[in-house]
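The values are calculated or read from the model by the stated rules, or taken from the named source; none is laboratory data. Note that the coordinates shown come from a computational prediction; the quantities given were computed from them, not determined experimentally. For neighbour counting, all protein chains shown are included, and Cβ atoms are generated from backbone atoms with ideal geometry for every residue, glycine included. For accessibility, only protein heavy atoms count, side chains too; no ligands or nucleic acids. Shrake-Rupley method; radii C 1.70, N 1.55, O 1.52, S 1.80 Å.
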Amino acid sequence: MNKNVILFLTCIGLGTFTYYYQELGDREQKREREREEEILNFKALGEVKSFELPHVSIQYADGHYELKETQETVDSQRVDKFLGQLSYIKVKRVLSDKEREERSQYIPNDDLKMTFHFENGKASFVLGEKLSFSRDFYLEITKEINGQQEKQLVIAFNSEVVDEVYAKEIAHKSDHLYRRFKSLYYLSEDFFRDHRVFGPWMDSKWSLQRIYIDNNRNKGHSLLLDKKQTNPEIPSFINLNETAVREYEKELAYLSAKRVISFHNPKILNNEKRLAMVIVSSTKGSTRFNLYKDLNQEFKGYFLAFPDRSYLYELTQEQAELFLGSVQRFWSLKLWQGKRPDGLKLNMNFPDGKYQVNLPPVTEQVFKVSSDRGRAIHLEFQKLINFLSGPADYWVAGEGIAENYLKQFSLDWGEGEFFLMIRSGEVLLYHRESMQGLIFKIQGRMPFGVVEGDYFI
């Protein structure tokens, strides 16, 4: 027995020794080889201080990246994304001195060049031609580390894994990954600009407080996040839709344009093209911007313009809808928030009779209605209550709204009298006191009874 225990412990010890000193060692050697194959070894070069592409120069200063020429802050996440793409470029083979004599065959010109300045030196990469028989390409690498310069002409490859379908006979020589790397050389200032609409507020913790929207589709409105209220005020018979408010707040706070475009022609920003004006208040202060559509033949689509920024933010139609909806998007268009209150007392007024009805609590398994007069038809009441418990399609207001509908009966459950009115394809529940109502769209037959005889025997 003791021998077995000793042998077992010995095996565990040997296994642990092998794992730590061989397998983990092999993994570290593999990682080190991969680092050596990368064209940018940040471990040796240190942090990036600046870099230049054919169409843009960016430097790191005062804790952020900025355009060298204008000192305009750029999006650090986009810089990181760009640098991350370079980590996929690996060296397959270094060409010999004799092969380098034929440089012009591999690298026709120096137009596609990027240069990086690091803590410990600098590096530049000149992109050459792609090999015709593989996915590999030529790259001239010049590095200077601690005063020592080294220049190499190499065959490199893009190790990025992308979802791309190739014909079997050309898969081994597709130029897709080469073109992806080549596209980095053509990046412009617009790519690196902060695409987040509230990017200047993103450097530290902040929160939205109030949003004022004035658009051409609907009456101007406000969302008062600090008070959990809207303007116009929420109708007394419904509540704020807190889930919708949270979703809207998140979408707005993280709004990021599909494109940022340098812009120096304020003359075309006229009121005819403007769809909405938005003022946003937050713990960082307040800002104002305008939403436009189809400014001219060059700028087709939706664009945000700030009075103090010399570029446009291009939005998708879905993003533009954040500023084009009405205030009721923030309201819960449900009378009873999806369920009936316990023991609801309902007054019903038909042209020929008034009734007081007691609805059963939601805990009751059987839906039974009692009335002060007449015998109630339980099933018909259940249809009515189920219908009114669902969400309305939209809210309306105005004294003349009811004129276009036929009144069937009225309801009162303690929040004032509501007229239940109908017309083709719609039901209007109209609050007489506030002159506001909820519209329910219907298809086909009316889903509940509309006359006294449907509810009482």
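The figures follow:
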{"quantity": "Flag if ARG246 is under 27 Å from LEU312 (Cβ atoms), basic (Lys, Arg) and open to solvent by 60 Å² or more (accessible area, probe 1.4 Å)", "calculated": "no"}
{"quantity": "Test result for GLU251, open to solvent by 60 Å² or more (accessible area, probe 1.4 Å) and under 21 Å from the mean Cα position of the chain (by Cα)", "calculated": "yes"}
{"quantity": "So ARG340, is it modelled with pLDDT under 95 and either closer than 30 Å to LYS407 by Cα or hydrophobic (A, V, I, L, M, F, W, C) (or both)", "calculated": "yes"}
{"quantity": "Condition broken by ILE107, with the remaining ones in (1) among the aliphatic types (A, V, I, L, M); (2) in contact with a strand residue (DSSP E or B) (Cβ under 6 Å, 6 or more places away or on another chain); (3) free of Cβ contacts under 8 Å to residues at least 12 places away in the same chain satisfied", "calculated": "(3)"}
{"quantity": "Tally, over segment 436-445, of residues that are at pLDDT 95 or above and more than 37 Å from the chain's Cα centre (by Cα)", "calculated": "0"}
{"quantity": "Residue in segment 293-312 that is in a helix (DSSP H, G or I) and either touching a residue at least 60 places away in the same chain (Cβ under 8 Å) or surrounded by 12 or more Cβ atoms within 10 Å (Cβ to Cβ) (or both) present", "calculated": "no"}
{"quantity": "Pairs with Cβ under 6 Å, 6+ apart, first in segment 186-209 and within 14 Å of SER76 (Cα to Cα), second open to solvent by 40 Å² or more (accessible area, probe 1.4 Å) and of a type in the set (S, T, N, Q)", "calculated": "HIS195/SER256; ARG196/SER256"}
{"quantity": "One residue from GLN77, GLN85, GLN71 being without any contact (Cβ under 8 Å) to a residue 12 or more places away in the chain and in a helix (DSSP H, G or I)", "calculated": "GLN77"}
{"quantity": "Selection within segment 197-219 - of a type in the set (D, E, K, R) and surrounded by 16 or more Cβ atoms within 10 Å (Cβ to Cβ)", "calculated": "ARG210, ASP214"}
{"quantity": "Test: LYS273 is modelled with pLDDT under 90, open to solvent by 20 Å² or more (accessible area, probe 1.4 Å), basic (Lys, Arg) and under 20 Å from LEU322 (Cβ atoms)", "calculated": "yes"}
{"quantity": "Any hit, segment 384-393, residues being assigned to a helix (DSSP H, G or I) and among the β-branched types (Val, Ile, Thr)", "calculated": "yes"}
{"quantity": "Every residue from segment 383-400 that is open to solvent by less than 70 Å² (accessible area, probe 1.4 Å) and farther than 20 Å from GLY416 by Cα", "calculated": "none"}
{"quantity": "Yes/no for GLN356 being outside any loop (DSSP other than H, G, I, E, B) and over 18 Å from ASN218 (Cα atoms)", "calculated": "yes"}
{"quantity": "Filter pass, SER104 being closer than 20 Å to SER57 by Cβ, of a type outside the set (Val, Ile, Thr) and either part of a strand (DSSP E or B) or out of contact with any His (no Cβ under 9 Å at 6 or more places or on another chain) (or both)", "calculated": "no"}
{"quantity": "Filter result (loosely packed, with under 13 Cβ neighbours inside 10 Å and either within 16 Å of LEU411 (Cα to Cα) or aromatic (Phe, Trp, Tyr) (or both)) within segment 345-369", "calculated": "LYS345, PRO351, ASP352, GLY353, LYS354"}
{"quantity": "Test: residue in segment 321-331 that is within 30 Å of ASN386 (Cα to Cα), touching a strand residue (DSSP E or B) at 6+ places or on another chain (Cβ under 8 Å) and part of a strand (DSSP E or B)", "calculated": "yes"}
{"quantity": "Test: residue in segment 314-328 that is of a type outside the set (Gly, Ala, Ser), more than 30 Å from LEU429 (Cβ to Cβ) and open to solvent by less than 30 Å² (accessible area, probe 1.4 Å)", "calculated": "yes"}
{"quantity": "Filtered residue count, segment 42-68, keeping only those that are open to solvent by 30 Å² or more (accessible area, probe 1.4 Å) and modelled with pLDDT under 90", "calculated": "7"}
{"quantity": "Residue that is least open to solvent (accessible area, probe 1.4 Å) [pool: residues in segment 371-382 that are at pLDDT 90 or above and among the small types (Gly, Ala, Ser)]", "calculated": "ALA376"}
{"quantity": "LEU223 vs. criteria modelled with pLDDT of 95 or more, surrounded by 15 or more Cβ atoms within 10 Å (Cβ to Cβ), within 25 Å of the chain's Cα centre (by Cα) and over 22 Å from GLY285 (Cα atoms)", "calculated": "no"}
{"quantity": "Residues of segment 120-140 satisfying the condition of being within 22 Å of LEU45 (Cα to Cα), surrounded by fewer than 19 Cβ atoms within 10 Å (Cβ to Cβ) and not hydroxyl-bearing (Ser, Thr, Tyr)", "calculated": "ASN120, GLY121, LYS122"}
{"quantity": "Where LYS92 falls short, out of the listed (1) open to solvent by 80 Å² or more (accessible area, probe 1.4 Å); (2) under 21 Å from ILE145 (Cα atoms); (3) in a strand (DSSP E or B)", "calculated": "(2)"}
{"quantity": "Count of segment 405-418 residues which are within 41 Å of the chain's Cα centre (by Cα) and either open to solvent by 30 Å² or more (accessible area, probe 1.4 Å) or charged (D, E, K, R) (or both)", "calculated": "1"}
{"quantity": "Residue check, SER236 under 30 Å from PRO391 (Cα atoms), in contact (Cβ under 8 Å) with a residue 24 or more places away in the chain and not aliphatic (A, V, I, L, M)", "calculated": "yes"}
